[in-house]
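The values are calculated or read from the model by the stated rules, or taken from the named source; none is laboratory data. Since this is a predicted model, take the numbers as computed values, not measurements. Quick reminder, even Gly has a Cβ in these numbers, built from the backbone with ideal geometry, and neighbours come from all protein chains shown. Accessible surface is based on the protein model in full, side chains and every heavy atom, while ligands, DNA and RNA are left aside. Shrake-Rupley method; radii C 1.70, N 1.55, O 1.52, S 1.80 Å.
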Amino acid sequence: MGMDTETGINSIRPPAVAGRFYPADAQVLRGQVRGFVEGAARGSRVRTEGPGQPGPRAIIGPHAGYVYSGPIAGAAYAAIAQLRGKIDRVILLGPAHTVAMTGMAVPSHGGFATPLGVVPVDSEMVAKAAALPFVRVNDQAHQYEHGLEVHLPFLQETLGFFALLPVVTGDCAADDVATLLATLWCDDQTLVVVSSDLSHYHAYDEAKAMDRATADAIERLEPYAIGSDQACGQRAIQGLLIEAGKRAMKPTTLDLRSSGDTAGSKDRVVGYGAWVM
């Protein structure tokens, strides 16, 4: 697919990895996402709603090709299925894979397209984010970035209509991520989604131990116990944990596996996890 070179609120960022990380055919894609979410819901051990119990406000999930990480992502999205029709905005954060950058990047585009349709970008939230000293409008950071894109079909299928604030995190401080969230995460109609894979290219058992340590740190709200080799979205996760701690939120691990459990060999695996807060 050719890239849209136009910038500004009237331009649409086309999908960069449809047909590679996930199906390009809308019907196939919708069926695959539903399968992952419904499969995870059937096996869920976590009750995320009930009398006197607040609903989910944030999730963390992986961003690999669906054949590898789709079942794990499904666990995160099954946990927020109850929010359909209740979420107006999604703040989606994930690490930069295609450009080297400092700070954080938001786009100028008016929407992000997937085979399931166009997700509108919340221009007011973009403006508020860009007013922070560590955030820049940078379409190049978003142009080929898969880490945010692979979450969009899950969000579309799970939530229905919502507006998006996509944020690519580069070399930035975890406190800056927390400040962005403190500024923009203002009501129960806003959901935060952090995109991150876990350990990369270790042997299966070594990766399993590393990823368990990461899960323990997330559950204990200990952001600085997570090293850069434990999660590619380290800064976004840390920032979320800092802000979640201030809000007395409780993270729960929903799934913790690796490519060795889904579709790859056990020699060199990538770890994946799903959490709900």
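Quick rundown of the values:
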{"read-out": "Simple label model, 7 Å out from Cα along Cβ direction - V118 to A173, nm", "value": "3.8"}
{"read-out": "For the chain: accessible area per residue (Å², 1.4 Å)", "value": "41"}
{"read-out": "Per-residue [θ]222 nm for the chain (sum of -39500 (n - 2.57) over DSSP H runs n ≥ 4, rounded to 500)", "value": "-10500 deg cm²/dmol"}
{"read-out": "All-pairs alpha carbon distance profile, the chain, 5 Å steps from 0, percent", "value": "1, 6, 14, 18, 21, 19, 13, 6, 2, 0"}
{"read-out": "Distance in nm between pseudo-label sites at D229 and D188 (7 Å out along the Cβ direction from Cα)", "value": "4.4"}
{"read-out": "By average C-beta atoms within 10 angstrom, highest first, the peptides 72-81, 249-258", "value": "72-81, 249-258"}
{"read-out": "For L165, distant residues with modelled amide H under 5 Å away", "value": "V90, I91, L92, D122"}
